[in-house]
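Following: one structure in structure tokens, then a few remarks.
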């Protein structure tokens, strides 16, 4: 572990004064002559447990708790020192609330850098989306009142197809913007764990060499998910008829479950690629190793995070949508009546402002949960907390990597 976001797996050779766990070996205090004092059963050194004597001091009776005379209440925290906390999280295995809290604390503590990233990305994404909706989405054919159910279904499919084709460039821009923000925010969060400041320029310098590999990783995961879903749907589509419809539904459900399983299994590949400086395939293998045995926990935390983000997005989007309808009432009413197939400029701009606000806050929360899940899994499996404490320069964890390099 070093003091930059390029984390590596712990397990390097211990120094002379360490026992292999990253913690210096305790040394016995010396006396005035320089020799280590010996202690006996009758007089242990200060701070050590004293053997019991034959006499038991009187103790106050229990106040009706049923534990007997002098039995102290159970306390699982006795003898366990508090975890070090140089940054936004304590350096120990994290609970779900601590992961969410760490993401929010990163946004609050580094709000200048975080908002500079997320607001820029959100503005670019919303502008691309507005322009795509206004100019690229072709006008859908007006639905016919005399159309049969089959014709109405065909018209709906044509409208959906034209919308997807028109929004393709906007979706591509949004994907690239999300990648850009995720790369920079990963660097920011990795510094926040150590309690160190980071500027936008330094975050860009750290993330820039990994952007192309991150793009390749994201496209590979998207292609993998699409391939799994296509394999599940293809048999039913080829058979056709009522049996084909049933097979398509079953295959679609099964492929969706498989795609979700794969996405959770590889959900930690992005922070592994950014922080450990691994390749695309190595990052996928690394994520699979970290997620193994903790799939349901990571799935639950990820699902809860996405639900909270969705609720927050709805809370922000609904007032801006109502305001957009009130300002651009004519265009929206024309859309409902079928005389127009596009939203007005006022509606698009107002809802776009709401989208910028939503994205600026939800991007760091989503990225923070992913990175902190990665850190948590490495703490649980690889004692990364010792490496992080040493990199943060906390006393009692040995010299920092920079000190070792300077001394060597």
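Does region 150-171 contain at least one residue that is within 26 Å of residue 271 (Cα to Cα) and either modelled with pLDDT under 90 or assigned to a helix (DSSP H, G or I) (or both)? I'd like the intermediate steps shown before the answer.
Our first condition is that a residue be within 26 Å of residue 271 (Cα to Cα); within region 150-171, this holds for 170-171.
Within this subset, residues satisfying the condition of being either modelled with pLDDT under 90 or assigned to a helix (DSSP H, G or I) (or both) are 170-171.
For region 150-171, residues within 26 Å of residue 271 (Cα to Cα) and either modelled with pLDDT under 90 or assigned to a helix (DSSP H, G or I) (or both): present.
What number goes with the only condition from (1) under 21 Å from residue 283 (Cβ atoms); (2) over 19 Å from the mean Cα position of the chain (by Cα); (3) surrounded by 16 or more Cβ atoms within 10 Å (Cβ to Cβ) that residue 229 does not pass?
(1)
(1) in contact with a helix residue (DSSP H, G or I) (Cβ under 8 Å, 6 or more places away or on another chain); (2) assigned to a helix (DSSP H, G or I); (3) modelled with pLDDT under 85: which one isn't true of residue 126, the others all being true?
Failed condition: (3).
Residue check, residue 249 against (1) assigned to a helix (DSSP H, G or I); (2) surrounded by 17 or more Cβ atoms within 10 Å (Cβ to Cβ), all met but one. Which one?
(2)
Which pairs turn up if I take residues in region 190-219 that are free of Cβ contacts under 8 Å to residues at least 24 places away in the same chain and at negative phi and look for partners that are surrounded by 15 or more Cβ atoms within 10 Å (Cβ to Cβ) and assigned to a helix (DSSP H, G or I) with beta carbon separation below 7 Å, at least 6 apart in sequence or on another chain?
Pairs that qualify, where the first residue is free of Cβ contacts under 8 Å to residues at least 24 places away in the same chain and at negative phi and the partner is surrounded by 15 or more Cβ atoms within 10 Å (Cβ to Cβ) and assigned to a helix (DSSP H, G or I), are 204/184.
Whether any residue in region 227-241 is under 29 Å from residue 100 (Cβ atoms) and either in a helix (DSSP H, G or I) or without any contact (Cβ under 8 Å) to a residue 40 or more places away in the chain (or both) is what I want to check.
No, because not a single residue in region 227-241 is under 29 Å from residue 100 (Cβ atoms) and either in a helix (DSSP H, G or I) or without any contact (Cβ under 8 Å) to a residue 40 or more places away in the chain (or both).
Report the residue count in region 253-284 for those that are without any contact (Cβ under 8 Å) to a residue 60 or more places away in the chain and either assigned to a loop (DSSP other than H, G, I, E, B) or surrounded by 14 or more Cβ atoms within 10 Å (Cβ to Cβ) (or both). Don't jump to the end; show me each part of the working.
So the first thing to find is which residues in region 253-284 are without any contact (Cβ under 8 Å) to a residue 60 or more places away in the chain, and the list is 253-266, 269, 278, 281-282.
So of that shortlist, the ones also either assigned to a loop (DSSP other than H, G, I, E, B) or surrounded by 14 or more Cβ atoms within 10 Å (Cβ to Cβ) (or both) come out as 254-256, 258-260, 262-266, 269, 278, 282.
The total comes to 14.
Report whether or not residue 208 is surrounded by fewer than 15 Cβ atoms within 10 Å (Cβ to Cβ) and under 28 Å from residue 285 (Cβ atoms). Spell out the reasoning first.
Numbers: surrounded by fewer than 15 Cβ atoms within 10 Å (Cβ to Cβ): yes; under 28 Å from residue 285 (Cβ atoms): yes.
So residue 208 fits the description; yes.
So that you can scan it fast, the table gives a plain yes or no per residue for (1) surrounded by 17 or more Cβ atoms within 10 Å (Cβ to Cβ); (2) more than 21 Å from the chain's Cα centre (by Cα); (3) at pLDDT 90 or above:
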residue	(1), (2), (3)
333	no, yes, no
348	yes, yes, no
375	yes, no, yes
390	yes, yes, yes
398	yes, yes, no
402	no, yes, no
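Could you check region 285-313 and list, in sequence order, the residues that are in contact (Cβ under 8 Å) with a residue 60 or more places away in the chain and in a loop (DSSP other than H, G, I, E, B)?
Correct list: 294 only.
The values are calculated or read from the model by the stated rules, or taken from the named source; none is laboratory data. Being a predicted model, the structure only gives us computed values, none of them experimental. With ideal geometry, Cβ positions are generated from the backbone for all residues, glycine too; neighbour counts draw on all protein chains shown.
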